[in-house]
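The values are calculated or read from the model by the stated rules, or taken from the named source; none is laboratory data. Note that this is a predicted model, so its numbers are computed, not measured. Glycine also receives a Cβ, built like all others from the backbone with ideal geometry; neighbour counts cover every protein chain displayed.
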Amino acid sequence: MSSLYKERFLRSQGIVDEPHMKKIRSTRIAIGGLGLGGSIFLNLVRMGFEKFHISDPDVYERTNINRQRMAKESTVGVRKDESLVREALDINPDLEITCFPEGLHKNNIHAFLEGVDWVVDVVDVFALNEKLALNEEAARRGLPVASCGSFGFAGAVVVFNKTTPTFAELTGMKPELPYETNIKNFIQFLCPEVPDYMEEQLYKAFGRNSHIPFVVPGVEIAAAVTVSEISKHILGIGKEVLAPYGIFTDPIKVETCIFKASYLERTLETHKYQPFKKAA
């Protein structure tokens, strides 16, 4: 372990000891999706992780500014992976980062997961085939996967491994199902209770006539809990929470709970609100 590495992470000592830091430094993590995944990536870098595969084909848009870590006026139109890699290397120039700039698809999933120890799935639900393919191949390889999301001010994470039910089983998401059914199933899987303050807007979004709402506290809470879960599993500390259970943290209600993560456990009442009608 270099003197520079020791100095960068000196203040972690007393919480994470040197043998643990060696484990962290040698772990390779693949992150699919760099919206919420961008915050997770930079937090992992600050935890001392140095080996990454990252993938996102998108550029920052002005509408990302309210929640995504590197989104700002100066990065509108700039690739997310390029902005985040530049920031990460400014934190730790010794990082090993392999980018998959075309995004994930059936021809590069195997390379994306090659040599990887952990997977973070924040692939957009709109890229359903890629999201399912990533989880399927990770499960086939026996790799642990952290699936996470934000809901208003709250955040959630579910960890899969070779002993748990699969992502497809718990989400009920299938390529042949309508978009509205898949996104409903995903939210029912990952969110034990839709916050009442965002309920109306979320249901309007199901009709594709309005946006899904996000705010930065939920994104950063989801990122922090995800990094904590990955770290504690690698280090063998704390209480293990695995699928079919997940962790949900809601600062508005001032509570954190372990919940049953399955689309069959709850039902979103999507009929409660009529979606916006498109302007003539």
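Residue count for the range 1-52, restricted to those that are surrounded by fewer than 19 Cβ atoms within 10 Å (Cβ to Cβ) and part of a loop (DSSP other than H, G, I, E, B): 7.
Before we move on, is E176 farther than 23 Å from E240 by Cβ and either basic (K, R) or exposed (fewer than 14 other Cβ atoms within 10 Å of the Cβ) (or both)? So E176 fits the description; yes. Taking the criterion of being under 13 Å from P244 (Cβ atoms) and out of contact with any helix residue (DSSP H, G or I) (no Cβ under 7 Å at 6 or more places or on another chain), the residues of the range 145-173 that qualify are N161, T163, T164, P165, E169. Pairing residues of the range 51-72 that are under 20 Å from P93 (Cα atoms) with residues that are surrounded by fewer than 21 Cβ atoms within 10 Å (Cβ to Cβ) and polar (S, T, N, Q), at Cβ distances under 6 Å and at least 6 apart in sequence or on separate chains, gives H53/T98. Checking the structure you have, find out if any residue of the range 208-227 is closer than 23 Å to P165 by Cβ, surrounded by fewer than 21 Cβ atoms within 10 Å (Cβ to Cβ), of a type in the set (D, E, K, R) and out of contact with any Ser or Thr (no Cβ under 7 Å at 6 or more places or on another chain). No, the range 208-227 contains no residue that is closer than 23 Å to P165 by Cβ, surrounded by fewer than 21 Cβ atoms within 10 Å (Cβ to Cβ), of a type in the set (D, E, K, R) and out of contact with any Ser or Thr (no Cβ under 7 Å at 6 or more places or on another chain). Filtering L268, L242, L170 for residues that are in a loop (DSSP other than H, G, I, E, B), modelled with pLDDT of 90 or more, under 26 Å from V145 (Cβ atoms) and aliphatic (A, V, I, L, M) leaves a single hit, L242. Within the range 127-138, can one find any residue that is surrounded by 13 or more Cβ atoms within 10 Å (Cβ to Cβ), assigned to a strand (DSSP E or B) and among the hydrophobic types (A, V, I, L, M, F, W, C)? No, because not a single residue in the range 127-138 is surrounded by 13 or more Cβ atoms within 10 Å (Cβ to Cβ), assigned to a strand (DSSP E or B) and among the hydrophobic types (A, V, I, L, M, F, W, C). The residues in the range 10-33 that are under 14 Å from T226 (Cα atoms) and either among the charged types (D, E, K, R) or in contact with a Phe, Trp or Tyr (Cβ under 7 Å, 6 or more places away or on another chain) (or both) can be counted, and the count is 3. All but one of (1) modelled with pLDDT under 95; (2) in contact with an Asp or Glu (Cβ under 8 Å, 6 or more places away or on another chain) hold for M70; state the number of the condition that does not hold. For M70, the failing item is (1).
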